[in-house]
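Data block below; observations after.
Just so it is clear, none of the values below were taken in a lab; they were calculated from the coordinates. Fair warning: this is a prediction, and the values are worked out from it, not measured in the lab. Cβ placement follows ideal geometry from the backbone for every residue including glycine, while neighbour counts extend to all protein chains displayed.
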Amino acid sequence: MLATGVDVVEIARVVRALERFGDRFLHRVCTDAEIARIRGRPAEAAARFAAKEATAKALGVGMRLMSPVGVGWHEVEVLNEISGQPYLRLHGHAARLAEARGLTEWAVSLSHDGGLAIAFVVAM
């Protein structure tokens with residue numbers, strides 16, 4: 001089985017959330033390891049936000065806030081190799097969904113420019 005997901009996020013939307021909610025927003029959406037990587041860079045936060053949404057789409061369920069069968073924010077973790085290459089680590093319900101669908105290999109690509117952040121996810 002092959003599964004894909006893509007999502008785009010306006011960076012200004014993340015900036016507004018950070019201005020309004022501060023660290024509460026980051027802790028709601030990101031793990032401690034992700035927050036350490038973001039280091040105050042809204043474009044990095046937006047790209048990870050997009051990757052979580054794209055992963056949920058690849059799993060065929062969306063995010064929990066939109067669907068009762070969706071995945072939670074902390075169930076999809078976007079981390080980086082020493083080289084900087086991003087990778088995904090799934091937890092809880094997201095990991096169980098991936099296993100049930102036979103999805104064992106994941107690739108993620110992140111980019112941001114022109115006020116937008118995009119993530120593309122492929123799973124096999």
If the viscosity is 1.002 mPa s and the temperature 20 °C, what translational diffusion coefficient in µm²/s does Stokes-Einstein give for the range 20-82 when Rh comes from Kirkwood over Cα pairs? 178
Exposed-loop-free span, longest in the chain, where GluC sites (Glu not before Pro) count as exposed if DSSP calls them loop and at most 13 other C-beta atoms lie within 10 Å: 1-80
5 Å is the cut-off here: which amide hydrogens, built 1.01 Å from N in the peptide plane, fall below it relative to GLY72, excluding neighbours closer than 5 in sequence? ARG64, ALA94
Largest fluctuation, SER109, SER83, SER67 only, Gaussian network model of the chain with Cα springs under 10 angstrom, belongs to SER83
Distant-in-sequence amide H partners of ASN80 (H built 1.01 Å from N, under 5 Å): TYR87
When Cα Rg over 2.2 N^0.38 Å is calculated directly from the model, which label among [x] 1.04; [y] 0.94; [z] 0.99 fits? [z]
In order through the range 110-117: 3J(HN,Hα) via Karplus (6.51 cos²θ - 1.76 cosθ + 1.60), integer Hz, x for Gly, Pro: 10, 8, 8, 5, x, x, 10, 10
Name the residue, out of LEU88, LEU97, LEU65, whose mean-square fluctuation peaks in a Gaussian network model built on the chain with Cα pairs under 10 Å. LEU65
